[in-house]
1. Looking at region A:93-114, which of its residues are assigned to a loop (DSSP other than H, G, I, E, B), crowded, with 18+ Cβ neighbours inside 10 Å and in contact with a Lys or Arg (Cβ under 9 Å, 6 or more places away or on another chain)?
2. Among (1) at pLDDT 95 or above; (2) in contact with a strand residue (DSSP E or B) (Cβ under 6 Å, 6 or more places away or on another chain), there is one condition residue B:113 misses while meeting the rest; what is its number?
3. Working carefully through the options B:115, B:125, find the one that is on the phi > 0 side of the Ramachandran plot and either under 17 Å from the mean Cα position of the chain (by Cα) or not assigned by TED's automatic domain parsing to the domain that holds residue B:60 (or both).
4. Quick one: is residue B:74 touching a residue at least 24 places away in the same chain (Cβ under 8 Å) and farther than 19 Å from residue B:31 by Cβ?
5. Quickly run through region A:161-184 and pick out the residues that are under 14 Å from residue A:17 (Cα atoms), within 13 Å of chain B (Cβ to nearest Cβ) and of a type in the set (A, V, I, L, M, F, W, C).
6. All but one of (1) under 30 Å from residue B:201 (Cα atoms); (2) modelled with pLDDT of 95 or more; (3) out of contact with any Leu (no Cβ under 8 Å at 6 or more places or on another chain) hold for residue B:23, so report the exception by its number.
7. Kindly check whether there is at least one residue in region B:219-232 that is closer than 30 Å to residue A:207 by Cβ, touching a Leu at 6+ places or on another chain (Cβ under 7 Å) and within 12 Å of chain A (Cβ to nearest Cβ).
8. From the residues in region B:233-258 that are in contact with an Asp or Glu (Cβ under 7 Å, 6 or more places away or on another chain) and under 22 Å from residue B:147 (Cβ atoms), which one is farthest from the other protein chains (Cβ to nearest Cβ)?
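The values are calculated or read from the model by the stated rules, or taken from the named source; none is laboratory data. Nothing here was measured: the structure is a model prediction, and the numbers come from that model. Here the Cβ is made from the backbone with ideal geometry for all residues, glycine too, and neighbour counts use every protein chain on show.
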Amino acid sequence: MRLYEFESKIILKEFGATVPRGFIISKDDIPTVSSLNLKVPWYLKAQVPVGGRGKAGGIVEVEDANNAEKHLLSIFNKTINGYGVEKVLIEEAVRSAKEFYLSITVNRDTRSYSIIAGSEGGMDVEEIAKTKPATILKLSISPLRKVSDFDVLSVSNHFGLPSEQIRPTVLALYDIALSLDAELVEVNPLALTKYGLVALDAKILIDDNALYRHPVLLGLPPRGRSKEEEAAVKLSLSYASLDGDIGIIGNGAGLTMATMDLLKSKGGLPANFLDLGAGAKSDKFREGVAFLMQNERMKVIFINIFGGMTRCDEVAKGIVDAVSEIRIKKPIVVRLAGTNAEEGARILEKVGIATFTNPLEAASRAASLAGGE
Amino acid sequence: MFVDENTPVLVQGITGREGSFHTRLMKEYGTKILAGVTPGRGGASVEVIPVYNTVREALSDHPGIKFSVVFVPPAHCFNAVLEAIEAEIPSIVVITEGIPVKDTLWLVNYAQYKGCRIIGPNGPGLIVPGRSKIGIMPGTAFSQGRVGLVSRSGTLTYEVGNALKVKGLGVSTAVGVGGDAVVGTTMLDIARMLEADATTEVIVVLGEIGGNMEEELASAISSGTITKPTVAFIAGVTAPPGKRMGHAGAILSEGRGSAFDKLARLKAAGAHVVDTPWKIPDIVKELL
């Protein structure tokens, strides 16, 4: 789960880092800006769960208090990279003498934590790494030890700052990662200002698998999902929306992805990823098929199943149940192989759904059905 | 061969729904399961296999245990795996999906320090067709043969095992390394074992988006560490960046780990790459 900037900053402050003074404003409760009694200049920053908001006009510097309300309303009316703006952070504009990049992340390749320190901040870290690799320092922190003085010293040398000045921020990032199960805690830019080092922007990603042990985070409103994905979460479906028009069901993440790829190679456009998992029973398939059938985007449904733990007769029963329950008629292409595939094919044949054993032929059929309309 | 019918196995979480179900299937397949562990259920039995409260107790009665397979739910899995490491069980196969990455990070590093190997988490385990299976792979999908399979996906492994079987080809050993972002044993670790394995003649790699395990493997092919002919498929060419595709580890982030890059690296290293796993048997047939 990606935390909003304002949530990330509340956490950073709690863990001992310095953040600019600010207020959060909700769309449904916009105060008059004069009531906030702030000295200009300040920033208005759209709170959205995606990057690139600056370029999309989601950050406005206000130099004249008389224009503030106009700017505020215009930000609330924006859609930024697909997301509406529900909250705006109003924040004191702090002037920086120098900007840095600092983050801690789970490094899956080295199976450790990495502290990444960039002596030139502000840009996207991937961009910095590409254009100015020498400005980036990467420190590996084994999960078996704690962050230590020598780590702080490495960062301080790299930044050319006294280690007492950088220590609270490094420790804050590390402590957040460990105590909140964060996969990433990123401060960019980290600015040298009249208040010392200040986190001007921040991003925290929490490990979804660990949310169960952080009730406060679990209680936060969902974000970063499409309406479809939100509905799928309520049904406990492993689902992701894609842009196409052919609904996809597979069992197992790898097989479902391979099905998307196969469909694309045959000229079809996958509308989603839906993995019903290994060993799912007919109920789960009924639910999954009905979910896709009801979605107007989907012209054709393509179901690709290898029965290992999953039994193909259960799959077939689920499809039949969904079709008889839902009034909507849409072509369904089914490929069955493995456990009880013949029985599954017989069940589907009775309701007029033809099955394939060869996935390549099935994918071609699904693609041509979607293209034919 | 990684394991055989004489490899002694422990099942952790043996009395749970998944644990007891797969214990039965493993036993039917011929896996030598000596003991099970569920805290608080010591003295019970599952499929005539004795259940102990702790791994230590199980090992004091069955000191030869070489593998543990873990079916314990995420919230208790850390302790279960830690217990297996402290008992110095050489190989620990973790089936559980949904373990926090912080727990896995600590466990894989500690296991390495103690000289144990974790396979998984969030994987199907391994199978040596006709001899033994440790995990949840369906035995019927594989026949004995000379193809070594290493995979990040359970169902794709079964699919390919079955597709090979249909064409009269078989598998020497199949290992799922797990779908999480951090796993204890990499694809390269398994490929090295398949390289050393006398029964394996061709290596099949089933990768997916995210991470750098496939790239690591490509480098090993280039450097001559892996010399056996290798066939590779990478799932997720159509996956958009930033979206998790089911597996916690299947996500394109920061512009790296794309299926396209992985395929290009493997191809440049000399692997035979395919755009769909269903083409693998034909390529393998030519290579054998």
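1. A:94 - this is the single residue of region A:93-114 that is assigned to a loop (DSSP other than H, G, I, E, B), crowded, with 18+ Cβ neighbours inside 10 Å and in contact with a Lys or Arg (Cβ under 9 Å, 6 or more places away or on another chain).
2. Single failed check for residue B:113: (2).
3. Values: B:115 fails: either under 17 Å from the mean Cα position of the chain (by Cα) or not assigned by TED's automatic domain parsing to the domain that holds residue B:60 (or both).
B:125 is the lone residue from the list that is on the phi > 0 side of the Ramachandran plot and either under 17 Å from the mean Cα position of the chain (by Cα) or not assigned by TED's automatic domain parsing to the domain that holds residue B:60 (or both).
4. Values: touching a residue at least 24 places away in the same chain (Cβ under 8 Å): yes; farther than 19 Å from residue B:31 by Cβ: yes.
Judged against the criteria, residue B:74 is a match.
5. If the condition is that a residue be under 14 Å from residue A:17 (Cα atoms), within 13 Å of chain B (Cβ to nearest Cβ) and of a type in the set (A, V, I, L, M, F, W, C), then A:176, A:177 are the ones that fit.
6. Evaluating residue B:23 over (1) under 30 Å from residue B:201 (Cα atoms); (2) modelled with pLDDT of 95 or more; (3) out of contact with any Leu (no Cβ under 8 Å at 6 or more places or on another chain) leaves (1) as the failure.
7. Of all residues in region B:219-232, those closer than 30 Å to residue A:207 by Cβ come to B:219-220, B:232.
From what is left, the residues that are touching a Leu at 6+ places or on another chain (Cβ under 7 Å) are B:220, B:232.
Subset that is within 12 Å of chain A (Cβ to nearest Cβ): none.
No, region B:219-232 contains no residue that is closer than 30 Å to residue A:207 by Cβ, touching a Leu at 6+ places or on another chain (Cβ under 7 Å) and within 12 Å of chain A (Cβ to nearest Cβ).
8. B:234
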